[in-house]
Structures are given as structure tokens and as C-alpha cells.
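Heads up, the thing below is written out as C-alpha cells.
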Amino acid sequence: MNSLNIDFRAVSLRLLSAKAGALKHVHLTRNFSLADMQAAKEQLTNAVREVGGKKGKAHVILPNRIVKFNILQIPAMDIGDAEKVVRREIAKELGTQDFVLGIRRIIRNRPGKQDILAEYALKSDMRDYLALLKECGIKPSVVTTSLEGIISAFKKIRPETEGNEAVLEIGQTFIEIIVFNNGKLINYKKVQMPAVDDAKLSSKDMDPMQICKIKMYTIVDALYNFMMEMGGGAAEERISRLWISGLGSIEEGTAQCVSEGLGINSSLLNPFDIEVEHASIYTAVAGLSLITPADQFINLLPSDERDRGKQVAGRAALIAALVFYVILIGGGYTVLNKAERDLKVLRDKFETEVKASHKSGSPDRSQQDALKKIMSNNKNLHPLFRDIANLIPPDMNLISLDIEKTADATFIKLGASLQPADEGLRNSAVSKFLKALETTGRVAMTSPPEITSVTTAPTAKKQEFTIKAKFEVLQ
């Protein structure tokens, strides 16, 4: 899958194009501003052309000055309920202003409580950026924050850490400190860059290296204060290693200054598998290119923009779901419920209506009508099957799909097989798929999945894993 990834932070424009998660091109424009929309449009258009054009999905990182954050401690509860609580708290702060909100958990050991990180932005602040993208013919599927990109990039590079490790993202006006422990986000802070009077420093006839060091030590001071807030010298809270990224990371001597100032091993972060000039400045946008629909992440794209995108993609989604029905029925899978057998009737009805549409001289419109009719006759099943078709990993094969109905509830049982390279990949693929399916809000898992190992080719010692999971369909 191709993707175009755009980062509007730090009065600059960073672009990265990728194919199947692999880097194709990067681009940097400094001194980028929306003060002159025509000039901004030309700059963005030229940059997109340079990295290969508008191919695949578009992902966007908003400027830090637009995105606010807050960490709230609330009682332990379901993430959906937590979002409602957080939304009410943010609404108290913003009053009647219209905003977009996303949340994620910060993993801390607080019995009976949880820490929720909320990132939010006013729609009015986002308007110009969305208008610019539209002017350039770019329809984003994800509009998010630098934090989401950095989380994605760091999990790929350091899935296992030596205790607590932190990413220090240095921008023009903000510093972000993101702390991880074995892939888990355990702390986050965004602070404004400490003010340094360049004019005064220059008047003292200091060389550029001295000025740079003074700036760096103001950053070190901000980081030191954060570490004290986090827990000071407590062993379980101590940061063992620092990774430095962002536009400010390429100042000469940055890593050395941080290491000397804090006594912590510090390195520039390279988010790529290959050597790229000034790679650390692209960390967030590189991580953004790795995000998939199965991942859980904050998406600040306003709902009205998402709905518009869904209308454009509606026909494609319906056809994709229908293809899944055809595969399900034609592939010899186990069908034990009348509701599933009805799918074949629906498919046959669709094919009949499509043939009739060609005779009517308006095939495209008639196909859409036929597909919409299927949706209306099968409302409970279609969205669920569509989600399964969209979210199931490419190396996982569906082998059974059973629907059980009781007087009070509807349940769906999934059976699938997987031949992963190792146990870690298998667990990751299964976990991501099942969690993503629950995140849709259409189903809730009733019990942990059953995973069984079967030897498919004894001489080659090849293992196949079968997965069984049961969900309650939420009405």
C-alpha cells in the first residue's frame, strides 16, 4: 500500500512517501507558512510531486501549536466510557468551541485508576490546513499528532527496551518527551522551548558553537525538570537511554550536550532501515507511514470530513464486502446458520440486478442501488463482515464463521488459521486483529481466544496455528 505522509510542524513542511512501509522519498521545506495560502499551495504541490505524487492514503501531522494535550487520572473503566468522561472535562475548558478529541492510555501501575492522555484541537484551528490539502487534491484518511508517529516509529525500532527509554523530539518552539518501557507508553510531556535571546548572545561575540551549547543546556534543564517530576532518582522511574529526534536534533553536538548534561547515554534516532541524511528529523512522519487501520491510534480528522470520505468510498467498500461474501460462500467454509446461507441468496440477487442494470444503460448507478439494497436488507451483518474483510491480516485465512442467536443476544464465532514465521509475530497478528475488531464497537469478545498448534508438514517441521474467538454482536 502506497502512502503520502505530511508533517506541518515546526514552521516547516516534511513529506515522506512509502510503499508497503518501505521508504521511497523524503522532502523538507523550511520556513513554510500558511500566511500566504497561494505560496503554501505551490510549495506543497511541488513537494508532493517531488516525492512521487498523490499515491495511496494520505496521513497528516498537525502543528504542535494547534494540538493541545492533557493527562487526566480517572477511575478504571472501559476506554469508550473513559472518552466520554474526558470529553466532558475538555468541554468545560473550551466552552462552546467545537473541537476534535482523541485519547490513549498511559500505562502506569495505579490500582483502580487509569491515566488517560487526551489530545485535542479546535476545528477552527484546523480549517486552513484542511482547506490547503483540499486545494492540492489531497484527501487525508488520518489527521493526527507527532506523538502517534513517534510511538509507531519507536515500537518498530525498539520493541524491547532496557528499562525506561525516552524519545526527545526537539522542534522549533516545542520539545516533546515520550517515555517507553517495552513498547508501552508510560509518560509524555510537551513543553515550550525555553527562550534564549540570540541577540544578546551574539552581542557577546560568542561563536556559533557556544551559542548552540547554551541553547542545548536550556533544553537539558527542561528535560531534567521533567525527570524530577517523573520520580527523581527512583530506580523504577529512571530513564536509561535517550533517543533524540526532530528538527533541533541535527544541531552539531546535540547528543553530546544531552549526554554530558544528564549523564544518560544519548543517540540520534534513525527511523529507517537505510542511511538517510538527517534521518532523525523524519522520525514522526516515518512512524506515520507505518500506521494501519488495525492499529489503535488518535485520529483528529473531523467526523464530517470522514463522512465525506466514506461517501466517496462507499461503493468500493460495498463491493469489497460483497467480494468477502462471495469468498465466504464459494470457498467451502463451514456454514451452520440460516443467516449465513441467506448471504448466497443475497449474492444471487445482486448478480441478477447487476445484469439488469447493464440493460438499463446506467450500470454504475444501478450497481450502487443494488448494493445499497443488500445493505438495507442485511443491516446487522454487512458492517460486521465489512470490518472483518478490512481488518483480517493478509497471512490469516478464515476457515469458519458461525452466527448464534439467542432470545437476548447474537454471537459470532470466528475460526482462522495462520502460519507465522515465529511465535511473536503470531501473537502480534492475532492480538492486533482481535483488538481492532473490538475497537469498531460492533462486537465484544466474550472469552479469551483459543490458539492451537497443528503440524501441517512433519518432515518440514511446519506449524500452523488455528485461532477460535467468540464475540457478542453489539446492537
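Here are some notes:
- Members of the range 36-73 that are small (Gly, Ala, Ser) and either modelled with pLDDT of 95 or more or not in a loop (DSSP other than H, G, I, E, B) (or both): ALA39, ALA40, ALA47, ALA58
- HIS25 meets all of the listed conditions (1) in contact with a Lys or Arg (Cβ under 7 Å, 6 or more places away or on another chain); (2) surrounded by fewer than 16 Cβ atoms within 10 Å (Cβ to Cβ); (3) not charged (D, E, K, R) but one, namely (1).
- Some residue of the range 308-326 being out of contact with any helix residue (DSSP H, G or I) (no Cβ under 7 Å at 6 or more places or on another chain), within 28 Å of ASN2 (Cβ to Cβ) and modelled with pLDDT of 75 or more: no
- When the range 108-130 is filtered for residues that are without any contact (Cβ under 8 Å) to a residue 12 or more places away in the chain and part of a helix (DSSP H, G or I), only ARG127 remains.
- Here the condition is being surrounded by 15 or more Cβ atoms within 10 Å (Cβ to Cβ), over 18 Å from LYS190 (Cβ atoms) and among the polar types (S, T, N, Q); of GLN43, GLN97, it holds for GLN43 alone.
- Of all residues making up the range 152-178, the number that are hydrophobic (A, V, I, L, M, F, W, C), under 18 Å from the mean Cα position of the chain (by Cα) and surrounded by fewer than 24 Cβ atoms within 10 Å (Cβ to Cβ): 2
- The range 405-439 - residue that is at pLDDT below 80 and acidic (Asp, Glu) and, of those, farthest from GLU472 (Cα to Cα): ASP422
- Test: THR283 is under 28 Å from ASN2 (Cβ atoms), of a type in the set (Val, Ile, Thr) and in contact (Cβ under 8 Å) with a residue 40 or more places away in the chain: yes
The values are calculated or read from the model by the stated rules, or taken from the named source; none is laboratory data. What you see is a predicted model; the values in this text were computed from it and never measured. Note: ideal-geometry Cβ built from the backbone for every residue, glycine included; neighbour counts use all protein chains shown.
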